[in-house]
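Some notes on the structure that comes next.
The values are calculated or read from the model by the stated rules, or taken from the named source; none is laboratory data. This structure is a prediction, so every number in the text was calculated from the model and none was measured. A quick note on method: Cβ atoms are made from the backbone with ideal geometry, for glycine too, and the neighbour counts reach across all protein chains shown. Note: accessible area is taken over every heavy atom of the protein model, side chains too, but ligands, DNA and RNA are not part of it. Shrake-Rupley method; radii C 1.70, N 1.55, O 1.52, S 1.80 Å.
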Amino acid sequence: MKRVNFIATDGVELNGFLYQSENNQKSEKIILSVHGMSSNCLKERETKIAEKANENGIDYFCFNNRGSELVKYIEKDTGNGKEKMLAGTSYEDVTEGYEDIVGAIIKLKEIGYTQIYLQGHSLGCTKIVYTYNELQEEQENDILESIKGIILLSLIDIPTAVKVYLGENYTSYLRLAEEKEQEGKKMHLMPKESFIYPISVKTFLRYARDNQSINFANYSKDSNLEVLNKIDKPLFMRWGNVNEMILQKADELVSIVSNKLENKNKNIDYIDGANHSYTEKHEILAEQIIEFIKEN
């Protein structure tokens, strides 16, 4: 395992850990992992998947994206020197995950990897789907050709989750955020009851109001999952069925998504007994991911 530093496409400095296969032979396959809210690249789940991947000759790269932890400073090269910026879950703009992921892909391609499997957990899934859709829109064929599969672990409907979490208070908190925005206080924190983590006005509005570009995991019967249906790579999706952040029962959700997605090479299921973080189910999850990669 070694530390790898790289630059996001907008100049933000990031770093992560590269787990290399134990046989020390050059691998062309690698999993690029994108963590979720308030998380980082050092979770036990990352280690377990990395170990299983290495045992099968597959390398693994997980990195701290700009949304890692709750609050932190990041440095950005603006072209006129380095600028310190507030980041972390409380201050991130989820669409900037594009800059992080594409920067990581470019770095891995420079190292020599030709077969990259994008893996996300929770909000990391949202970032991956958004990024892949943007790459398709921009016809970034060189990058798209290096992506051989998409792995989504607990992709949730964030806009709906915010509404459900706040219930009857949703409208009042949205009004408060918009008032603060008009007052020039987008970097101020919202009241603690407005979100599961401390959250800035800017970030709250991205999830609650300005969510058109990330509102693609609506699993209602009326949704055709248009953006997910644009994924033309082998697709692996999993959820848990214990304290998972979904409105439906896990088996019902699997059925809904399986029926709506037209991808001919999809592997969609849930892991019995797993929660949102797959605690105590890391081994099972890792085995299923590696089997998916070996088949594709």
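Would you be able to say whether some residue in the range 25-42 is open to solvent by 20 Å² or more (accessible area, probe 1.4 Å), at negative phi, among the aliphatic types (A, V, I, L, M) and within 19 Å of the chain's Cα centre (by Cα)? The answer is yes, given that some residue of the range 25-42 is open to solvent by 20 Å² or more (accessible area, probe 1.4 Å), at negative phi, among the aliphatic types (A, V, I, L, M) and within 19 Å of the chain's Cα centre (by Cα).
Just one of (1) more than 30 Å from Lys266 (Cα to Cα); (2) not in a helix (DSSP H, G or I) fails for Glu168. It is (2).
Just checking, does the range 139-153 include any residue being in contact with a strand residue (DSSP E or B) (Cβ under 9 Å, 6 or more places away or on another chain), basic (Lys, Arg) and farther than 23 Å from Gln248 by Cα? Among the residues of the range 139-153, at least one is in contact with a strand residue (DSSP E or B) (Cβ under 9 Å, 6 or more places away or on another chain), basic (Lys, Arg) and farther than 23 Å from Gln248 by Cα, which makes the answer yes. The set of residues in the range 110-135 being in a loop (DSSP other than H, G, I, E, B) and surrounded by 20 or more Cβ atoms within 10 Å (Cβ to Cβ) consists of Tyr113, Ser122.
When restricted to residues that are surrounded by 18 or more Cβ atoms within 10 Å (Cβ to Cβ), in a strand (DSSP E or B) and among the acidic types (Asp, Glu), the range 43-76 contains 1.
Does the range 169-181 contain at least one residue that is over 18 Å from the mean Cα position of the chain (by Cα), in contact (Cβ under 8 Å) with a residue 12 or more places away in the chain, open to solvent by less than 10 Å² (accessible area, probe 1.4 Å) and farther than 15 Å from Asp93 by Cα? Yes, the range 169-181 has at least one match. When restricted to residues that are over 13 Å from Ala217 (Cβ atoms), out of contact with any Asp or Glu (no Cβ under 9 Å at 6 or more places or on another chain) and not acidic (Asp, Glu), the range 125-143 contains 5. Annotation: Lys107 fulfils all but one of (1) basic (Lys, Arg); (2) surrounded by fewer than 20 Cβ atoms within 10 Å (Cβ to Cβ); (3) over 27 Å from Glu280 (Cα atoms); (4) in contact (Cβ under 8 Å) with a residue 60 or more places away in the chain; the unmet one is (2). The residues on offer are Leu247, Leu205, Leu261, Leu228, and the sole one that is out of contact with any Pro (no Cβ under 9 Å at 6 or more places or on another chain), surrounded by fewer than 16 Cβ atoms within 10 Å (Cβ to Cβ) and not polar (S, T, N, Q) is Leu247.
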